[in-house]
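Remarks on the structure that follows.
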Amino acid sequence: MEFYSLLDPQQVIEALARAAAVLRAGGLVAFPTETVYGLGARADDPLAVRRIFAAKGRPATNPVIVHVATMAQAASLAALWPARAEKLAQSFWPGPLTIVVPRAPCVPLEVTAGGPTVGLRIPGHPAALALLNTVGLPIAAPSANRASGISPTTAAHVAAGLADTVDLLLDGGPTPGGIESTVIDLADDCPRLLRPGLITREMLASALGEPVEWSADREESPSAPARAPGQQARHYAPRAPLELADDDGAARVAELAHSGLCVGWLTCGPVGSSHVATLQVELPADPEGYAARLYAALHTLDARNVDRIVVGSVPGGADWLAVRNRLGRAAAPE
Ligand code: TXA
Ligand code: MG
């Protein structure tokens, strides 16, 4: 695997040129976005896209997001560019929002998992934008982790999971957002949130001037390509079993630790007194701050080989929906 640091100004031009060359040749490049690291391949090359699925161990039924540099490029990949898509793109791109629209015939079925729609986004990270502008092609990119593992928020996370299969890794430092983009489906009559994220359902509804449906619990038809494979229960999970506490988690941590287990404990903000937690990680008590550090904390606890992870409860408000969604999936049984 080739490695370049974008934090070193002397490497940037060479790194982008080299990464673009690897992508053009059908290779895999891991790169930072404002959400998590992506594992990119040229979206117009079915063989290159298949390499993504092989590297991740990703089921072929799970479509990948296509990243583009411009609105015109996005519209060219859609059979239909609805007025709603234009509104949301104008409001939130570049940024952590994926818009699902009917796919244009030029989009390979490998990208869409055989389905009639394609998910598109212009990422807000300067390195991702620079790469997309340099390569001049739409880039298919899921998160740069093995399927059903935790998304990577640092280059080290990517290397730990995929060093053998990625051709080139661009290190842009920790990703600021920390959780994956919001996904909204605009291919049907009603706008529907498929995956909550830092662009909230309320922000989308306000930009559209109409409600946005959210039906995480709705049963997906198992035969059709899943509209949101991110809705599969266990999708963001650490290696150690993770439980969500109803309170700050202190009592449960003490109980597990007393039974001899090595316990990781994630708390939302400071907790009153010090406890017997083997390894406590205090996350910020605001939803953006918590999201930014959640996956890094889970990666750390996995690396420390804890037996269990206990997560103290987080607030119930709408602005915490994306965090609660990721925690719920991380806690889902295999
Ligand atoms: O923030 C992100 O979205 C990151 C960065 C790299 O851009 N990417 C990411 O990709 O999280 P991935 O593959 O881990 O998650 C993609 C999600 C899937 O869970 C799926 O629900 C949705 O995007 N998706 C992609 N194409 C879709 C489509 N045509 N219809 C419905 N959902 C789609
Ligand atoms: Mg993923």
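Would you say LEU132 is buried (at least 24 other Cβ atoms within 10 Å of the Cβ), in contact (Cβ under 8 Å) with a residue 12 or more places away in the chain and among the hydrophobic types (A, V, I, L, M, F, W, C)? Explain how you work it out, then say what you get.
Working: buried (at least 24 other Cβ atoms within 10 Å of the Cβ): yes; in contact (Cβ under 8 Å) with a residue 12 or more places away in the chain: yes; among the hydrophobic types (A, V, I, L, M, F, W, C): yes.
It is true that LEU132 is buried (at least 24 other Cβ atoms within 10 Å of the Cβ), in contact (Cβ under 8 Å) with a residue 12 or more places away in the chain and among the hydrophobic types (A, V, I, L, M, F, W, C).
Which residues, counting only those in region 57-92, are of a type outside the set (A, V, I, L, M) and assigned to a loop (DSSP other than H, G, I, E, B)?
Within region 57-92, the first condition is being of a type outside the set (A, V, I, L, M), and the residues that meet it are 57-59, 61-63, 67, 70, 73, 76, 81-82, 84, 86-87, 90-92.
Passing the criteria: GLY57, ARG58, PRO59, THR61, ASN62, PRO63, THR70, TRP81, PRO82.
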Listed by first then second residue, the pairs whose first member lies in region 84-112 and is under 16 Å from VAL49 (Cβ atoms), whose partner is part of a helix (DSSP H, G or I) and among the charged types (D, E, K, R), with beta carbons under 9 Å and at least 6 positions apart or on separate chains, are GLU110/ARG50
When (1) crowded, with 18+ Cβ neighbours inside 10 Å; (2) of a type in the set (Val, Ile, Thr); (3) in a loop (DSSP other than H, G, I, E, B) are applied to VAL101, the one that fails is (3)
Of the residues in region 234-251, those that are out of contact with any helix residue (DSSP H, G or I) (no Cβ under 8 Å at 6 or more places or on another chain) and under 20 Å from ARG329 (Cβ atoms) number 3
By residue number, the members of region 109-127 that are of a type in the set (Gly, Ala, Ser), within 16 Å of ligand 2 (Cβ to nearest atom) and at negative phi are GLY119
Only one of (1) crowded, with 22+ Cβ neighbours inside 10 Å; (2) at pLDDT 95 or above does not apply to TYR236, and that is (2)
### Message
When you check GLY115 against the structure, is it under 22 Å from the mean Cα position of the chain (by Cα), closer than 17 Å to GLY197 by Cα and modelled with pLDDT of 95 or more, yes or no?
### Response
no
Given the conditions (1) at positive phi; (2) at pLDDT below 70, every one holds for GLY249 apart from (2)
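The values are calculated or read from the model by the stated rules, or taken from the named source; none is laboratory data. Source: prediction; values computed, not measured. A quick note on method: Cβ atoms are made from the backbone with ideal geometry, for glycine too, and the neighbour counts reach across all protein chains shown.
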